[in-house]
Amino acid sequence: MPAQKSPTRIVTDKVRLSYAHLFEPFTNDPEKEARYSVTILIPKSDKATLKKIEDAQDAAREEGKTKTFGGKIPASLKYTLHDGDEEADLERNPEYAGHMYMAMSSKQRPGVVDADLNPILDSTQVYSGCYARVSINAFSYSNSGNKGISFGLNNVQFLEDGEPLGGRTRAEDDFADDSGLL
């Protein structure tokens with residue numbers, strides 16, 4: 001039986017994964033707890049997914065009004081959805097151009113399945129650069145003076161391969177042309 005539908009929980013259409021840490025928790029800050037995490041790249045042309053995200057943010061903001069913000073929505077909330085053309089370092093991450101992007105994490109390992117809903121256990125099958133659908137949940141937060149709306153990572157459905165990000169190449173591609181052999 002499917003989980004009860006919540007206005008803060010959505011499933012994206014096809015997005016590209018970046019900085020994917022779905023099988024082992026990760027942190028680059030020894031002061032912070034390692035978490036499962038991913039950044040999703042949403043094409044600006046994907047109006048349906050962007051609308052779902054905005055609607056989930058609105059629902060989380062309303063829930064947060066009483067649960068998190070003491071009865072009044074703060075005037076300047078922080079949001080996790082960013083414009084890749086305006087806010088990303090395009091020299092470091094050129095693939096963010098033409099996309100909105102959002103980083104999310106979870107303390108619990110997300111479920112990762114293939115297009116036929118079979119569990120994926122091999123971490124090399126889902127990587128930064130591949131395409132997937134992602135189940136996420138919007139929530140409000142108030143922490144150390146920062147107030148906003150963010151998204152938690154639930155589950156990932158691998159859809160198709162994409163060019164790996166981060167300079168990593170596939171072994172099959174490196175050795176496919178044997179003309180360089182002595």
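Which net charge results when you count Lys and Arg as +1 and Asp and Glu as -1 among the other residues whose beta-carbon is under 13 Å from that of S76?
Working: positive: R61, K72, K78, K147; negative: none.
So the environment of S76 carries a net charge of +4.
Taking θ as phi - 60° and the Karplus parameters 6.51, -1.76 and 1.60, the scalar couplings of segment 115-122 work out to 4, 9, 6, 7, x, 9, 10, 8 Hz in sequence order, x denoting glycine and proline. In the structure shown, do any of K14/K51; K32/K52; K44/K65; K107/K147 have a Cα-Cα gap over 25 Å, and if so which? With Cα atoms farther than 25 Å apart: K32/K52; K44/K65. With contacts taken as Cα pairs under 8 Å at a separation of at least 6 residues, the chain carries a relative contact order of 28 percent. Estimated purely from DSSP H runs of n ≥ 4, each contributing -39500 (n - 2.57), the mean residue ellipticity at 222 nm for the chain is -5000 deg cm²/dmol once divided by its residues. Remark: the chain carries a charge dipole of roughly 1400 debye about the Cα centre, counting +1 on each Lys and Arg Cβ and -1 on each Asp and Glu Cβ.
Which residue, E87, E31, E160, has the most motion in a Gaussian network model of the chain that connects Cα atoms within less than 10 Å? Looking only at E87, E31, E160, the largest GNM fluctuation is found for E31.
Axis of helix 47-67 versus longest Cα principal axis of the chain: the two differ by about 40°, to the nearest ten degrees.
Here the simple spin-label model places points 7 Å from the Cα toward Cβ, and for K5 and E33 these points are separated by 3.2 nm. Taken along the Cα-to-beta-carbon direction at a fixed 7 Å, the label points for T124 and D58 span 4.6 nm.
Here, each number is a calculation from the coordinates, and none is a lab measurement. Here the structure is a predicted model, which is why all the values come from computation and not from measurement. Note: ideal-geometry Cβ built from the backbone for every residue, glycine included; neighbour counts use all protein chains shown.
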